[in-house]
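Colleague: Before anything else, here's the structure in question.
The values are calculated or read from the model by the stated rules, or taken from the named source; none is laboratory data. Quick caveat, the model's predicted, so the values are computed rather than measured. Here the Cβ is made from the backbone with ideal geometry for all residues, glycine too, and neighbour counts use every protein chain on show. Surface accessibility is based on the protein's heavy atoms, side chains included, excluding ligands, DNA and RNA. Shrake-Rupley method; radii C 1.70, N 1.55, O 1.52, S 1.80 Å.
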Amino acid sequence: MRILIGIQGTGNGHLSRCTALAEALQQYPSVQVDYLVSGRAREHFFDMEAFPGWQWRKGLSFAVEHGQINVRKTLAQNDWKQFWRDVKELDLAAYDLVVTDYEPVVAWAARRQGKRCIGIGRQYAFYKPTQSLQLPWCYQQLIRWFAPATEVVGMHWVPDGSHILPPIVHHRAVAEQIEADRYLVYLPFESLLGVHRLLAQFPQYSFSVFHPDAKRQRIAGIDYYPPSRQRFAEHFVKAEGVISNAGFETSCEALAYGKKLLVRPLAGQFEQLANARCLAELGLASQLSEITPNGLADWFASSKRKQCFWPDVGAEIAAWLVAGAETSVAELSRRLWRQADQSDYRDLLRSDLRLQRS
């Protein structure tokens with residue numbers, strides 16, 4: 001069996017999720033899995049060991065300025081001729097199964113060649129109506145157009161549709177003792193200077209800041225790091241809380257590890273706006289449209305940790321794909337959410353026993 005997986009490389013969340021899936025697929029040596037990644041310059045990718053022999057295409061990406069999407073620059077900066085050339089030249093005849101994590105080259109090549117294509121990831125949760133994820137009609141159509149699929153496996157924090165599974169969480173580091181008053185900060189679309197000026201007003205807390213413009217250094221008691229998924233994971237597990245944009249994967253990891261979570265959605269990014277609103281309405285995180293000193297001080301004073309218990313979804317999806325994805329997505333969804341409920345119940349029982357013994 002041979003599988004092609006297309007990975008949207010504009011955000012590290014897609015890469016983190018697909019790394020967990022790739023590691024699970026390595027348990028099936030008789031299956032050949034190829035990877036195609038797009039969305040940013042090839043030299044800007046890092047920690048790609050999970051995707052041996054990965055292919056690169058330019059793909060499509062959003063232009064971001066001052067923490068918000070610039071629609072005009074987004075339309076102007078994408079090389080549409082190269083995109084359609086890549087779509088037409090990608091031959092899928094050798095593949096038994098095509099999968100896309102919202103990667104458009106693979107998705108459109110599959111549509112053009114009449115190939116079955118399974119869309120897996122957060123964006124596919126928006127493919128069908130749900131109660132907790134509300135998007136205007138035009139944005140729903142944009143999501144359907146960007147990376148179309150014949151079948152969709154959406155991911156969400158709660159069971160809100162037959163097409164929705166719990167999230168894939170890549171556990172890259174073993175959980176450690178949490179260090180009180182230590183926070184991990186991941187605001188890649190904000191100005192690094194603006195982040196520093198904000199955090200410097202809170203010297204009573206420790207911060208590990210990961211940012212594309214950062215170098216490894218310590219300034220005014222604040223630790224700065226360039227992007228690194230492994231180092232990020234090591235600091236993540238020690239932190240009491242996480243301050244980030246409203247990307248899905250970072251939020252999932254925070255909830256899986258039981259971290260306090262504050263999200264600032266990227267202005268103009270409809271998925272992040274929907275994520276932030278949903279997290280706040282479910283009581284899983286706090287949201288701020290702008291992170292101000294007063295807003296941050298209030299969050300430090302009043303925030304509480306939340307934890308979600310999800311099964312090993314990456315392993316389950318890997319087994320499903322290797323078996324030809326013959327079981328319906330609805331049945332896979334029911335089974336995994338039952339496992340999530342059982343895990344949550346077992347943790348509740350353990351918590352009750354700890355209280356009785358104390």
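Colleague: How big is the stretch 219-298 in terms of Cα radius of gyration and Dmax, in angstroms?
Modeller: Both quantities, over Cα of the stretch 219-298: 13.0, 36 Å.
Colleague: Explain nothing, just the number: dipole magnitude of the stretch 157-236 about its Cα centre with +1 on each Lys and Arg Cβ and -1 on each Asp and Glu Cβ, in debye rounded to the nearest 20. Walk me through the numbers before you get to the answer.
Modeller: Working: 8 positive and 8 negative charges, 64 e Å.
Magnitude of the dipole: close to 300 debye.
Colleague: Please compute the alpha carbon radius of gyration of the chain, then divide it by the globular-protein estimate 2.2 N^0.38 Å. Two decimals is fine. Could you put the intermediate results ahead of the total?
Modeller: Values: Rg = 20.3 Å, N = 358, 2.2 N^0.38 = 20.6 Å.
So the Cα radius of gyration is 0.99 times the expected 2.2 N^0.38 Å.
Colleague: Sticking with this one: When the Kirkwood radius is taken over all Cα pairs of the stretch 127-200, what Stokes-Einstein diffusion coefficient follows at 20 °C and 1.002 mPa s, in µm²/s?
Modeller: Taking Rh from Cα pairs, D becomes 129 µm²/s.
Colleague: Right, something else. Which percent of Cα-Cα pairs in the stretch 163-306 sits in each 10 Å bin, short to long?
Modeller: Over the stretch 163-306, the share of Cα pairs per 10 Å bin runs 11, 45, 37, 6, 0 percent.
Colleague: Taking 7 Å along the Cα-to-C-beta vector as the label spot, tell me the Gln230-Thr292 distance in nanometres, rounded to one decimal.
Modeller: 4.3 nm
Colleague: On a 0 to 90° scale, report how tilted helix 329-357 is relative to the longest principal axis of the chain, with both axes built from alpha carbons and the result rounded to the nearest 10.
Modeller: Taking the Cα atoms of the chain, the angle to 329-357 is about 20 degrees.
Colleague: Output the peptides 294-302, 114-122, 273-281 sorted from most to least packed, where packing is the average of other Cβ atoms within 10 Å over each peptide's residues.
Modeller: Numbers: 294-302: 13.4, 114-122: 21.8, 273-281: 19.9.
Result, highest mean first: 114-122, 273-281, 294-302.
Colleague: For the stretch 233-276, take the convex hull of the Cα atoms, compute a quarter of its surface area, and give me that in nm², please.
Modeller: For the Cα atoms of the stretch 233-276, the hull's average projected area reads 2.8 nm².
Colleague: Something else: Out of all DSSP beta bridges in the stretch 116-261, what portion is antiparallel? Express it as a percent rounded to 5. Please report the intermediate quantities before stating the final value.
Modeller: Working: 3 of 24 bridges.
Roughly 10 percent of the beta bridges in the stretch 116-261 run antiparallel, per DSSP.
Colleague: Same structure again: For Gln134 paired with Tyr205, estimate the spin-label separation in nm (one decimal), with each label point 7 Å from Cα along the Cα-to-Cβ line.
Modeller: Each label point is offset 7 Å from its Cα along the Cβ direction, giving 3.0 nm.
Colleague: I would also like to ask the following. As a quick test, which of the pairs Lys238/Lys306; Lys81/Lys128; Lys73/Lys260; Lys215/Lys238 have an alpha carbon distance above 25 angstrom in this structure?
Modeller: Pairs exceeding the cut-off: Lys81/Lys128; Lys73/Lys260.
Colleague: How large is the accessible surface of Met1 in square angstrom, using a 1.4 angstrom probe and rounding to the nearest 10?
Modeller: Result for Met1: roughly 80 Å² accessible.
Colleague: Mind grabbing the accessible area of Trp108 for me, 1.4 Å probe, Å², rounded to tens?
Modeller: Here the residue's solvent-accessible area equals roughly 40 Å².
Colleague: As a test, work out the antiparallel percent of DSSP beta bridges whose residues both lie in the chain, rounded to the nearest 5.
Modeller: If I count the DSSP bridges inside the chain, around 10 percent turn out antiparallel.
Colleague: Using only the alpha-carbon atoms, how far is helix 80-89 inclined from the longest principal axis of the chain? Give it as 0 to 90 degrees, nearest 10.
Modeller: Taking Cα atoms only, the helix is inclined about 50 degrees.
Colleague: Sum -39500 (n - 2.57) across every DSSP H segment of at least 4 residues in the chain, then divide by the residue count to get the 222 nm mean residue ellipticity, nearest 500.
Modeller: Result for the chain: -12000 deg cm²/dmol, rounded to the nearest 500.
Colleague: Of Asp312, Asp101, Asp47, which has the most accessible area and how do the rest follow, probe 1.4 Å?
Modeller: Details: Asp312 105, Asp101 5, Asp47 55 Å².
The ranking, largest first, comes out as Asp312, Asp47, Asp101.
Colleague: Then there's this: Report, as a whole number in µm² per second, the diffusion coefficient that Stokes-Einstein gives for the stretch 100-255 at 37 °C and 0.692 mPa s using the Kirkwood radius over alpha carbon pairs.
Modeller: It diffuses with D of about 185 µm²/s by this estimate.
Colleague: Between 0 and 90 degrees, rounded to the nearest ten: what's the tilt of helix 137-146 against the longest Cα principal axis of the chain?
Modeller: Once rounded, the angle reads 60 degrees.
Colleague: Still on this structure, please answer the following. For the chain, give the percent of accessible area contributed by carbon and sulfur heavy atoms, probe 1.4 Å, rounded to a whole number. Please list the in-between numbers first.
Modeller: Values: 8380 of 16630 Å².
Accessible surface attributable to carbon and sulfur in the chain totals 50 percent.
Colleague: Another question, then. In terms of Cα to Cα distance under 18 Å, which aspartates and glutamates are near enough to Lys115, apart from those fewer than 8 places away along the same chain?
Modeller: Of all the aspartates and glutamates, those that pass the test against Lys115 - Cα under 18 Å, at least 8 places apart if same chain - are Asp34, Asp86, Glu89, Asp91, Asp96, Asp101, Glu103, Glu151, Glu326.
Colleague: Starting from the Kirkwood Rh over alpha-carbon pairs, what translational D in µm² s⁻¹ does the stretch 1-157 have by Stokes-Einstein at 37 °C and 0.692 mPa s?
Modeller: Diffusion coefficient, whole number: 202 µm²/s.
Colleague: Follow-up. How would you order 213-225, 124-136, 152-164 from highest to lowest mean count of nearby Cβ atoms within 10 Å?
Modeller: Ranked from most to least packed, the peptides come out as 152-164, 124-136, 213-225.
Colleague: Using 0.36 nm per residue of separation minus the Cα-Cα distance, give me the extension gain between Glu89 and Thr327 in nm, one decimal.
Modeller: Gain on extension, Glu89 to Thr327, equals 82.5 nm.
Colleague: Which value, in debye to the nearest 20, describes the size of the charge dipole of the chain about its Cα centre when Lys and Arg Cβ atoms bear +1, Asp and Glu Cβ atoms bear -1, and nothing else is charged?
Modeller: My answer is approximately 380 debye.
Colleague: Only residues of the stretch 204-220 count here: report those whose backbone N is under 15 Å from the spot 7 Å along Cα→Cβ of Asp181, or say none.
Modeller: 204-208
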